[in-house]
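S.K.: Pasting a structure here, questions to come.
Values quoted throughout were computed directly from the atomic coordinates according to the rules given, and no laboratory measurement underlies them. The structure presented is a predicted model; accordingly, all values stated were derived computationally and were not measured. Methodologically, a virtual Cβ is constructed for each residue, glycine included, from the backbone with ideal geometry; neighbour enumeration extends over all protein chains shown.
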Amino acid sequence: MTDRTDPPNTPSAQGDDELLPCGRLLSRTWDDWEQQTDDPHLRSCPHCRQAVHGLDDLESVVRGLQQETDTTAAAYDTEPLTRRIMDVVRLELRPGRPLPLGEPAEDLWIMEAVAARALRAAAETVPGVRAGSCRLLDGGGDGGDDGTVEVRLDIHAPADAPLPELAARVREQVWEAADRELGMVIAAVDIRVTDLVPTSMADDQEGGSA
Amino acid sequence: MAGPRTQSAPPDSRADTDDALLAVRAAEGDEDAFAVLVQRHAPALIRLATSLLGTGTEAEDAVQDAFLSAWRRLPEFQGRSAFGTWIYRIVTNRCLNVLRSRRPVASLEAAGDVAAAEHTTSPARITEGRDAVRELREALDLLSAEQRACWVLRELDGRSYEFIADAVGISQEAVRARVFRARRSLTQALGAWR
Amino acid sequence: MTAPYETPAHATLAAEVARVVESVSGVAFLRPGLTDRLRSVVSRPGVAPAGVRMTRPDGDGPWQVEIHVVVLRRARTVDVARGVRDTVERHLDTLAPARSAPQVTVKVTGLV
């Protein structure tokens with residue numbers, strides 16, 4: 001923000017403000033217009049009305065510009081842009097660290113982000129649940145590295161669901177996915193409900209994910 | 001590139017997952033979640049960048065750069081604001097930099113004078129039709145980068161002064177001053193007043 | 001994972017390993033994916049195929065093989081990884097039975 005192209009000596013509007021013949025500043029008259037201030041002077045003063053008329057005229061041209069912009073934007077296909085962006089993103093992936101698959105000594109690994117994605121998807125098989133952060137931490141207690149991992153998963157839950165029961169179902173799905181789909185040994189699954197989603201919305205989501 | 005990757009979306013429904021969750025997933029390395037954010041926000045951001053810059057190709061570049069910057073910075077983002085607000089701010093700043101590099105400092109001092117001296121066109125004609133819009137576009141090119149940005153966010157994008165101050169990184173006072181100056185230049189340029 | 005290889009024979013061996021890995025049930029492709037896979041088909045001499053790194057730190061000692069692979073979601077990931085490891089071990093063993101067993105590391109870098 002150091003490269004100011006505004007003149008440095010006119011930090012406020014006063015620099016090029018104008019005193020209208022009625023004694024009001026142009027900036028105030030325009031400000032009142034913008035705020036839709038109910039002021040009898042604005043309605044009666046010819047100078048203020050003229051000044052406001054200028055803005056009204058500008059507004060009508062602005063609406064024309066908006067329409068042109070809307071038309072252009074509506075015709076714009078974001079697909080190629082999205083593809084270009086994602087092509088670069090895929091050259092700069094953040095897969096996280098490798099986590100052990102199977103038995104500790106097997107030298108088989110799965111990247112953290114890949115496992116997290118699978119476990120989030122498993123959590124979302126419980127109706128209305130949306131998964132957020134999914135961290136995979138070294139298991140085996142204090143500093144121990146026995147090749148197991150602990151899952152810490154944040155979810156949004158439907159507002160009307162009994163939470164302990166819901167958390168238990170999510171935990172079960174995550175555990176099962178880790179075991180049956182991936183083949184990871186999970187020491188613990190810690191579920192945190194970070195938000196409650198209104199039920200009608202949760203129903204919609206359920207429809208979408210079914 | 002598209003082949004195996006497009007199939008990689010797990011069979012969940014991301015379309016109805018809110019931005020905050022997608023941003024957290026993307027921060028943790030889920031590029032598919034990021035792709036949803038790109039698809040969701042790109043149209044509005046393209047519109048914003050086009051309004052700010054006036055041209056399509058530069059707007060595309062600004063939006064692309066902004067998203068790549070967002071992908072790199074997501075791990076530190078940690079949901080301090082809504083993703084939409086954050087990316088909006090990044091795009092605005094990209095566009096401001098483009099505007100600043102585009103125009104030499106000197107031109108804007110002259111801009112007001114030229115515009116003021118030129119209002120020979122009839123107000124009745126100028127406020128109608130495509131000619132008026134074209135003249136407005138030309139008048140916008142004469143504004144300073146900050147004036148243009150503040151005015152566009154206010155008038156074309158309907159944002160509050162508070163929001164603009166946050167997006168541009170200046171005080172609300174400064175935003176008001178720039179919008180005022182922009183309006184003044186534009187009304188003069190359009191010959192719509194006096 | 002495109003380390004230059006010491007000899008063309010070395011690179012050919014890595015390409016051979018890549019081929020057998022991709023034939024393992026449940027393997028979608030070797031990382032980093034289609035573009036690189038197409039490139040590896042062209043098989044420039046001295047360049048490793050994507051997703052396979054073979055080294056022999058002790059000169060004539062056992063191979064150290066690292067495989068980066070994208071696995072099909074419908075398969076159990078660990079089973080596919082084991083299949084890859086076993087296949088590579090078997091394959092290297094048939095090529096040079098007398099050598100000591102290779103050390104094979106498998107990393108799953110994606111599920112599709």
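S.K.: If you average the alpha carbon positions of the stretch B:47-63 and of the stretch B:164-182, how far apart do those two centres end up, in angstrom?
M.R.: 20 Å
S.K.: When the chain is fully extended, how far beyond the present Cα-Cα distance does A:V193 get from A:R135, taking 0.36 nm per residue of separation?
M.R.: Between A:V193 and A:R135, full extension yields 19.5 nm more.
S.K.: Using the Cα atoms of the stretch C:68-112 to build a convex hull, what is its mean projected area in square nanometres?
M.R.: The directionally averaged projection comes out at 3.1 nm².
S.K.: Once phi is turned into ³J(HN,Hα) by the Karplus curve 6.51 cos²θ - 1.76 cosθ + 1.60 with θ = phi - 60°, what whole-Hz value does each residue of the stretch B:36-49 show in order, with x for glycine and proline?
M.R.: Per-residue couplings from phi come out as 5, 4, 4, 4, 5, 9, 4, x, 5, 6, 4, 4, 4, 5 Hz.
S.K.: Over all residues in B:18-25, what is the mean tally of Cβ atoms on other chains that come within 10 Å of each residue's Cβ?
M.R.: So the per-residue partner count for this stretch is 5.
S.K.: Set the Förster radius R0 to 56 Å, insert the Cβ-Cβ distance between A:A159 and C:A9 as r into 1/(1 + (r/R0)^6), and round the FRET efficiency to 0.05.
M.R.: 0.30
S.K.: Apply the a/c threshold of 1.5 to the C-alpha gyration tensor of the stretch A:14-75 and tell me whether it is rounded, prolate or oblate.
M.R.: prolate
S.K.: Something else: With +1 assigned to the C-beta of every Lys and Arg and -1 to the C-beta of every Asp and Glu, and no other charges, what is the dipole magnitude of the stretch B:13-102 about the Cα centre in debye, to the nearest 20?
M.R.: Approximately 420 debye in magnitude.
S.K.: Å³ per residue of the Cα convex hull, for the stretch B:145-194?
M.R.: Hull volume normalised by residue count: 66 Å³.
S.K.: May I pose another question? Rounded to whole Å and ordered largest first, report the semi-axes of the equivalent ellipsoid of the stretch B:13-102 derived from its Cα gyration tensor (root of 5λ).
M.R.: 24, 13, 10
S.K.: Rank these for me by crowding, C:V24, C:V17, B:V38, going from fewest to most other beta carbons within 10 Å.
M.R.: Fewest-to-most Cβ neighbours within 10 Å comes out as C:V24, B:V38, C:V17.
S.K.: What is the distance in Å between the Cα centroid of the stretch A:32-102 and that of the stretch B:67-97?
M.R.: 16 Å
S.K.: Now for a different question. Please arrange A:C22, A:C48, B:C95 by how many other C-beta atoms lie within 10 Å of their C-beta, fewest to most.
M.R.: A:C22, A:C48, B:C95
S.K.: What relative contact order, as a whole-number percentage, does the stretch B:13-102 give when Cα pairs under 8 Å and 6 or more residues apart are counted?
M.R.: Contact order relative to length: 35 percent.
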